[in-house]
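The values are calculated or read from the model by the stated rules, or taken from the named source; none is laboratory data. Just so we're clear, the structure is a prediction, and the values are computed from it rather than from any experiment. Note that each Cβ is placed from the backbone with ideal geometry, even for glycine, and that neighbours are counted across all protein chains shown.
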Amino acid sequence: MKKNNIKILAIESSCDETAAAVVEDGRKVLSNIISSQIDLHTIYGGVVPEIASRKHIENINLVIRDALKEANVTFDDIDAIAVTYGPGLVGALLVGVGEAKALAYGLKKPLIGVHHIKGHVFANLIEHENLKPPFVCLIVSGGHTEIAIVKDYNDFEIVAATRDDAAGEAFDKVARSVGLGYPGGPKIDRAAKLGNPFAIEFPKARVNDSKYDFSFSGVKSAVLNYQNKANMTGEKINVNDLAASFQRAVVEVLVEHTVTVAKDYNIKNVAMAGGVASNTALRSLMEGKCSEEGLKLHFPSPVYCTDNAAMIGVAAYYEYLNGNFKDLALNAVPNLEL
């Protein structure tokens with residue numbers, strides 16, 4: 001088995017982005033093609049699984065063709081086929097898994113199944129050449145809010161998770177409730193820049209039996225209660241102040257818990273991953289706190305925070321080195337655990 005110049009064609013279709021990429025030796029992105037469905041789902045206020053699956057079927061061959069073209073390679077140059085097989089929307093995942101299995105069978109290439117969240121974590125390796133395990137990673141997106149200790153490239157320990165809503169889910173629900181629309185994360189971020197983060201004091205939940213775990217249902221409910229009270233009393237709501245205050249409550253908890261884990265486990269490298277990792281307030285506060293505590297912070301560029309196939313290709317490289325290949329019985333696992 002080759003040990004260098006390994007080119008992996010990676011496929012990602014876990015939600016509403018159809019993506020393909022070619023990654024060499026786990027760090028060099030030769031291409032990264034993403035077909036987004038955001039505009040399509042915006043009119044529904046969120047992702048419609050059936051529509052997402054159908055669009056993946058329409059787009060997947062096109063993004064693979066473009067990924068090969070941009071990388072200036074052919075199928076003959078590819079050493080393995082990688083695909084996200086969970087977690088995610090089952091119909092969406094099945095499109096990518098089916099495509100990857102067909103390619104692996106037809107081309108007689110090894111098939112690598114990749115955990116979607118592992119891909120997000122390893123997006124940090126693309127632009128930070130010196131980042132190596134062990135490191136602490138805050139994984140924060142629409143469906144996940146977790147803190148992982150990356151002990152080695154194939155050894156993760158989840159030390160914190162949300163007990164209810166993920167942070168990104170809370171962003172989406174609050175954005176919808178105040179009329180900002182979908183996707184909520186970027187719209188809350190933009191509105192917050194125009195508001196006063198100390199205008200409204202929203203709660204920051206503590207989980208009694210864990211100092212690391214998260215809970216965001218309380219702050220979401222507090223926002224809804226604030227709106228209901230204002231509506232009953234005729235008080236005008238300043239949406240920018242509300243967005244900034246809500247965002248502060250969420251971001252401060254994310255940063256506090258991540259830094260606490262890094263200090264408690266005596267790990268100096270900290271990373272962030274997932275769509276919410278591109279939030280400007282989160283990045284700014286995390287940078288400040290890490291600097292105060294002597295920690296080194298890493299985070300991907302925004303294009304690698306949202307769903308993409310390059311991160312799947314990076315994660316697949318380390319599976320390749322371990323000979324961790326899948327057979328054609330590989331199936332989508334929508335609730336796949338890390």
(request) Kindly establish whether I158 is over 28 Å from V239 (Cβ atoms) and among the hydrophobic types (A, V, I, L, M, F, W, C). (result) yes
(message) Can you pull out every residue in the range 140-157 that is modelled with pLDDT under 95 and among the aliphatic types (A, V, I, L, M)?
(response) V140
(message) Just checking, does the range 219-233 include any residue being surrounded by fewer than 17 Cβ atoms within 10 Å (Cβ to Cβ), among the charged types (D, E, K, R) and touching a strand residue (DSSP E or B) at 6+ places or on another chain (Cβ under 7 Å)?
(response) no
(request) Please indicate, with yes or no, whether at least one residue in the range 52-65 is surrounded by fewer than 24 Cβ atoms within 10 Å (Cβ to Cβ), under 24 Å from the mean Cα position of the chain (by Cα) and among the basic types (K, R). (result) yes
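For the range 235-259, give me each residue that is closer than 22 Å to P133 by Cα, crowded, with 18+ Cβ neighbours inside 10 Å and of a type outside the set (A, V, I, L, M).
Those that are closer than 22 Å to P133 by Cα, crowded, with 18+ Cβ neighbours inside 10 Å and of a type outside the set (A, V, I, L, M): H257, T258.
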(request) Considering only residues that are touching a residue at least 24 places away in the same chain (Cβ under 8 Å) and more than 28 Å from D172 (Cα to Cα), look in the range 106-124 and name the one that is surrounded by the fewest Cβ atoms within 10 Å (Cβ to Cβ). (result) L107
(request) List the number of the failed condition for T145; all other conditions in (1) assigned by TED's automatic domain parsing to the domain that holds A20; (2) β-branched (V, I, T); (3) crowded, with 24+ Cβ neighbours inside 10 Å hold. (result) (1)
(message) Can you find, within the range 170-192, the residue that is nearest to the chain's Cα centre (by Cα) among those that are more than 16 Å from Q227 (Cβ to Cβ) and either at pLDDT below 90 or buried (at least 22 other Cβ atoms within 10 Å of the Cβ) (or both)?
(response) G185
(request) Return yes when K109 is in contact with a strand residue (DSSP E or B) (Cβ under 6 Å, 6 or more places away or on another chain), of a type in the set (K, R) and farther than 14 Å from A315 by Cα and no when it is not. (result) yes
(request) Can you give me the number of residues within the range 269-294 that are in a loop (DSSP other than H, G, I, E, B) and either in contact (Cβ under 8 Å) with a residue 40 or more places away in the chain or not charged (D, E, K, R) (or both)? (result) 3
(request) Answer with yes or no whether N208 is in contact (Cβ under 8 Å) with a residue 24 or more places away in the chain, over 21 Å from N231 (Cβ atoms) and surrounded by fewer than 15 Cβ atoms within 10 Å (Cβ to Cβ). (result) no
(request) Find all pairs meeting these conditions: Cβ atoms under 9 angstrom apart; at least six residues apart or on different chains; first residue within the range 251-262 and more than 11 Å from I147 (Cα to Cα); second residue in a helix (DSSP H, G or I) and of a type in the set (S, T, Y). (result) V251/S284
(request) Within the range 77-112, work out how many residues are in contact with a Leu (Cβ under 8 Å, 6 or more places away or on another chain) and either outside the structural domain of R54 (by TED's automatic domain parsing) or within 17 Å of E58 (Cα to Cα) (or both). (result) 3
(message) within 21 Å of A123 (Cα to Cα), outside any helix (DSSP H, G or I), in contact (Cβ under 8 Å) with a residue 40 or more places away in the chain and touching a strand residue (DSSP E or B) at 6+ places or on another chain (Cβ under 6 Å): which single residue out of L297, L330, L338 fits that description?
(response) L338
